[in-house]
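Structure first, then comments.
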């Protein structure tokens, strides 16, 4: 039994099956991007154990194809197992060993990146200073106690919790938060402009004059969902303060009073705080003369890190990111009128893996094929002679 | 005598090319369009000769680099451009705009007939309507547009380019622009005085001011419309300007740029049909540029030469010739024809290389910067590898592959050039020569090798199934070549793909983003890995290898073109509706070849029963496989 299992996991057939399944998956996943958008297709096909059908997550689903994680993991096991079993040191096999060792590093690194890398954005207008970056998709409900003299106490509730329309009870708050409705993607309209019969979902703040329409999830790479929710505040000593509309589309936070303190309530992109801050000095956007073709984007920023006594100016531009304390800042975009820059902030602890893997595999392939070539031309010469 | 055949063929080929390359003499009493076409201008962010502007504009609008009038007379791109720039009423009558979509024609109440070229004058009553319709389809993504919407948008873009061209050097319809400029120059100082007086609250001459104000309005419109920036930088400022803009600036500077005046004289001479004056001033301008802007001029005169030599179409012809010679070598006179093919290929490759290197010089970039140049480079790489194979095996196979791939890739490039300037400036993210030189070159070299392997497989199948010429030795050689080329493809595709990941990591922090183009590249790597492992594991033999190499053609063409047609992702440079049927056709043809190759071996003419018993060299490598084991996995 065990022997059969070992045979299966070390077989070349399994390798070929995995590779072929990988091709089919990538092909299908690429075509799916046309309708689903890159992010959704990626989640469904590549960053999953199985591809499920029908795609609607609410109903009954059956797995119809192995997903990227499963294929990658089986391939990784197959690679390692085959090499453990057959490994015999031999100079002539050097190329093959190197190639596969590099592939193991690459696959493992890829898996690691999928699990641990975090990508976020930092949007800076001229002169802005920020010590946090924002998630590109996830939002959070922030409840801020502003009554402290020079310190705000912030309690955040991630979107994944809001989605389930639950009542949230947190020890730091003198009230409970009931999620009355949640929209993954929505459009807000003033009641006066919405059609007849439109009802507000809140009765406090500006939300009482706004109608919320659910819309299909965003698929284009440059669009993001606009989540909205109706939040009821229930003081722990009984009663209700009313229902507020919170939405990513609403700008300023809303305030209310409870337990003798003033609170702010806002649904905003999830934040990742950093022990240092970045200030935008200048954003530059060059175009080729007489055209609208962008030639270069660059952001001149000041990096201030009191902990490490760093205070310096940095130029971030295309293909020249800033790497600092395990995070990398890239010039990702800009506001249409050039008034703000958008930096992509990436935390990827395994970013070095592909670099190593590339060198090792390339060396391996060169040795292997070079060896073939030499042997072939020697035979050829003998045949001619 | 016979043994000189290869040399005779080579000499004939050289002779033909040289005849094509000799400059055509301009008669003394004719407009010297080549002199005029050499003048450098700035368009699309790049300094190029007017000749390039003419060719690219005509290509965008008309689909060809030459215009044939209804009278049968042919106009070169430069002749057409001269009319557009200086003699708009005449140019408006030329049938340059291509419209084939019946719905677009119906919009104007026209029926679809055998006529597909229309003049600007034909459309002039409908300009507003066209603009409105196009604005609607402009809101959609390229992928979402219907045929009608793409066609109307194309027409609008062509018309707008044409109108901008007409207003590039002088206001459309100007009669005597030289005199107009003289008047402008003489009235500007008076107007400046008047303006100053007005500002100070003194008495001023209103007529003088109004005169110039009307001119300024005219030149503002000219500067908004201009497509060509014709006025070069000078010591006062370091930017190129359009004629209109330069005239507006001259109000402040106090003098009109000499190039503007020269253009005016040239234009007036053209309208007056005064060839000597036209030629004399065209010469003045080129001399002026050579003196004042030596570096710019050197590059743009070279580009002018490059346009005239058309190296890629010359080598395309030679590749066809070589392919025919190589195929002929399998029928008879083998060694002579094979050598002839080899020499012709060397000549074709030399010209191809000249073209490739010229583009690199003109653009100051590594060879591959867009889809067009990838086609040029894929052909080039494949031809070199195929020639090496020919040198080693000396059986005409490498030569046939080189000819076929060289020709097909150049044809593809020719059709990709329709969108205009193939030496366009690069988007900011691509503006890095290191990655263009490594990642892009490695990936495209991988494509070359995959197509070469596929071509070898095509030869194997066609010769094996349809002819009796595939002997054991040839079959073995083909298998060896294919295997070697697949190894080569694996190396380059893998390295190229990973380098792409590293570039992505460098420029936006994501090693792998599942972008369609990345996925296409990894499909090739996976397919190569499958072929190699299947062969090492003994799951496939010679024929299996060939069938898999044929499928490699499909994978590679999907990766090269197919993913761009999806219209998503960071690499989707231009959606190409027109290429779609060709791509599908190519894929189907490859599937058909795979099906043919999967036929039982007795049906192959080269391996058929009639041939088996006579030879001791059976089993012909693709020996019948044990029952239950398919030849391919």
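What follows draws every value from the coordinates through simple rules; no lab data is involved. Since this is a predicted model, take the numbers as computed values, not measurements. Every residue, glycine as well, gets a Cβ built from its backbone with ideal geometry; the counts of neighbours run over all protein chains shown.
Sorting check: for A:166-176, A:352-362, B:291-301, which peptide has the highest mean count of neighbouring beta carbons within 10 Å, and how do the rest follow?
Result, highest mean Cβ count within 10 Å first: A:352-362, B:291-301, A:166-176.
With angles folded into 0 to 90 degrees, how steeply does helix B:127-138 sit against the dominant principal axis of chain B? Use alpha carbons for both and round to 10. Rounded to the nearest ten degrees, it is 50. Using 0.36 nm per residue and subtracting the Cα-Cα separation, the extra length available between residue B:605 and residue B:388 on full extension is 75.2 nm. Exposure proxy ranking for B:224, B:235, based on other Cβ atoms within 10 angstrom of each Cβ and starting from the fewest, stands as B:235, B:224. Taking a ≥ b ≥ c as the square roots of the eigenvalues of the Cα gyration tensor, chain B is prolate, since a/c reaches 1.5 or more and a/b is larger than b/c. Between residue A:196 and residue B:100, the distance separating the two model label sites (each 7 Å from Cα on the Cα→Cβ line) works out to 5.2 nm. Overall, the anisotropy analysis places segment B:305-441 in the prolate class: the square-rooted eigenvalues a ≥ b ≥ c of its C-alpha gyration tensor yield a/c not less than 1.5, with a/b exceeding b/c.
Could you work out how far helix A:68-86 tilts from the main Cα principal axis of chain A, as a 0 to 90 degree angle to the nearest 10? Once rounded, one gets 30 degrees. Each part reduced to its alpha carbon centroid, segment B:524-567 and segment B:234-270 end up 58 Å apart. Centre-to-centre separation between the Cα atoms of segment A:268-320 and those of segment B:96-174: 43 Å.
Each label point was placed 7 Å from the Cα along the Cα-to-Cβ direction; for residue B:471 and residue B:90 their separation is 6.6 nm. Take each residue of peptide B:485-492, count the partner chain Cβ atoms within 10 Å of its Cβ, and average: the result is 3. For segment A:181-327, averaging the sequence separation of C-alpha pairs within contact (under 8 Å, six or more residues apart) and dividing by the residue count gives a relative contact order of 15 percent.
Calculated mean residue ellipticity, 222 nm, chain B: -21500 deg cm²/dmol, from DSSP H runs (n ≥ 4) at -39500 (n - 2.57) each, averaged per residue and rounded to 500. Between rounded, prolate and oblate, where does chain A land on the alpha carbon gyration tensor, with a ≥ b ≥ c its root eigenvalues, rounded for a/c under 1.5, else prolate if a/b exceeds b/c? Verdict is prolate for chain A. Here the relative contact order of segment A:97-229, from alpha carbon pairs under 8 Å that lie six or more residues apart, stands at 16 percent.
Computed packing ranks the peptides B:57-65, B:98-106 as B:57-65, B:98-106, most packed first, by mean other Cβ atoms within 10 Å. Reducing segment B:461-522 and segment A:162-191 to their Cα centroids gives an inter-centroid distance of 53 Å.
In this calculation the C-beta distance from residue A:91 to residue A:381 is compared with R0 = 22 Å, giving a FRET efficiency of 0.50. Averaged over the residues of B:533-542, the number of partner chain Cβ atoms lying within 10 Å of the residue Cβ comes to 2. Shielding value for A:287-299 is 6, the average number of Cβ atoms from other chains within 10 Å of each residue's Cβ.
In percent, how large is the relative contact order of chain A, given Cα pairs closer than 8 Å and 6 or more residues apart?
About 18 percent, as a whole number.
For residue B:360 and residue A:151, a Förster radius of 60 Å and the Cβ-Cβ distance give a FRET efficiency of 0.50, rounded to the nearest 0.05. In chain A, helices alone account for a calculated mean residue ellipticity at 222 nm of -10000 deg cm²/dmol, with every DSSP H run of four or more residues adding -39,500 (n - 2.57). In this label model, residue A:115 and residue A:223 are separated by 3.4 nm, measuring between points 7 Å along each Cα→Cβ vector.
Computed from Cα atoms, the angle from the helix A:353-384 axis to the main principal axis of chain A rounds to 20 degrees.
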